[in-house]
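> This is the structure I have questions about; it appears just below.
Bear in mind these aren't lab numbers, they're just calculated from the coordinates by the rules spelled out. For clarity, every value in this text was computed on a predicted model and none was experimentally measured. Note that we place each Cβ from the backbone using ideal geometry, even for glycine, and neighbour counts take in every protein chain shown.
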Amino acid sequence: MGKFDEEMANYIRSWELPKSLESIKDDIIFKFDDNEISDVKEEEKGYLCERDNVKFCLYNKKLRKTLFSMDFQWRENNRAFPDDSYPRVDLMFIRTHGYELKRKGIASYYISKLREYAVSKKAKCIHVTVHADVSGSALSQKELLEFYNKRSTIEMPIEITKF
């Protein structure tokens, strides 16, 4: 694991919270480590904040509950599989935790923030592999494809690989 990047963490924190979470904003922190997190699967852990490699969550410190997680990485190129989609941002993981929070615009809000980041980095696209995880996704495979296609723009396309 690389070195914690405070500047990148501050950049992510500047994204703030979506309107649907503003009523509990004093209880929510951006977390970039696994300390105190016990309510997510082990394979979903590994929160970190390095320069252009971030996995963070929104954590309700009062309830000791993870509300949302996102993992993304900046990719300059891929020497093993060179193509025209580099440089790009790879969205590795995104999840709104807890049924009561799903379909409240949280993931959409952070996709828009990721799109702003990708534009600022002059990425050619955001790349995501779509796989409906029946244990944690509120959306079917078809709905996930529609979700990402709807958020793809001419300025910043979202390239989708189906799993």
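> I'm trying to understand the selection: among the residues of the range 33-59, which are closer than 17 Å to Ile94 by Cα and either among the polar types (S, T, N, Q) or part of a helix (DSSP H, G or I) (or both)?
Across the range 33-59, the qualifying residues are Glu42, Glu43, Glu44, Asn53.
> Can we say Ile24 is over 21 Å from Ile126 (Cβ atoms), β-branched (Val, Ile, Thr) and in contact with a helix residue (DSSP H, G or I) (Cβ under 7 Å, 6 or more places away or on another chain)? Working first, answer last.
Values: over 21 Å from Ile126 (Cβ atoms): yes; β-branched (Val, Ile, Thr): yes; in contact with a helix residue (DSSP H, G or I) (Cβ under 7 Å, 6 or more places away or on another chain): no.
So Ile24 fails the test.
> Could you please find all residues in the range 1-32 being of a type outside the set (D, E, K, R), out of contact with any strand residue (DSSP E or B) (no Cβ under 8 Å at 6 or more places or on another chain) and outside any loop (DSSP other than H, G, I, E, B)?
Applying the first criterion (of a type outside the set (D, E, K, R)) to the range 1-32 yields 1-2, 4, 8-12, 14-15, 17-18, 20-21, 23-24, 28-30, 32.
With out of contact with any strand residue (DSSP E or B) (no Cβ under 8 Å at 6 or more places or on another chain) added as a condition, the list becomes 10-11, 14-15, 18, 20, 23.
Passing the criteria: Asn10, Tyr11, Ser20, Ser23.
> State yes or no: is Ser38 farther than 27 Å from Lys122 by Cβ, over 13 Å from the mean Cα position of the chain (by Cα) and touching a residue at least 60 places away in the same chain (Cβ under 8 Å)?
no
> With respect to the numbered conditions (1) touching a Lys or Arg at 6+ places or on another chain (Cβ under 8 Å); (2) outside any helix (DSSP H, G or I); (3) not aromatic (Phe, Trp, Tyr), which one is the sole condition not fulfilled by Asn77?
So Asn77 meets the others, but not (1).
> Hey, could you check the range 139-163 for residues that are assigned to a helix (DSSP H, G or I) and among the hydrophobic types (A, V, I, L, M, F, W, C) and say which is surrounded by the most Cβ atoms within 10 Å (Cβ to Cβ)?
Top of the filtered list is Leu144.
> Next up: Please go through the range 12-54 and give me each residue that is basic (Lys, Arg) and under 17 Å from Ser108 (Cα atoms), ordered by number.
Within the range 12-54, Arg13, Lys19 meet the criteria.
> Can you spot a residue in the range 80-98 that is part of a strand (DSSP E or B), in contact (Cβ under 8 Å) with a residue 12 or more places away in the chain and touching an Asp or Glu at 6+ places or on another chain (Cβ under 6 Å)?
Checked the range 80-98: at least one residue is part of a strand (DSSP E or B), in contact (Cβ under 8 Å) with a residue 12 or more places away in the chain and touching an Asp or Glu at 6+ places or on another chain (Cβ under 6 Å).
> Collect the residues in the range 40-61 that are exposed (fewer than 15 other Cβ atoms within 10 Å of the Cβ) and at negative phi, keeping them in residue-number order.
Answer for the range 40-61, where residues must be exposed (fewer than 15 other Cβ atoms within 10 Å of the Cβ) and at negative phi: Lys41, Glu42, Glu43, Arg51, Lys61.
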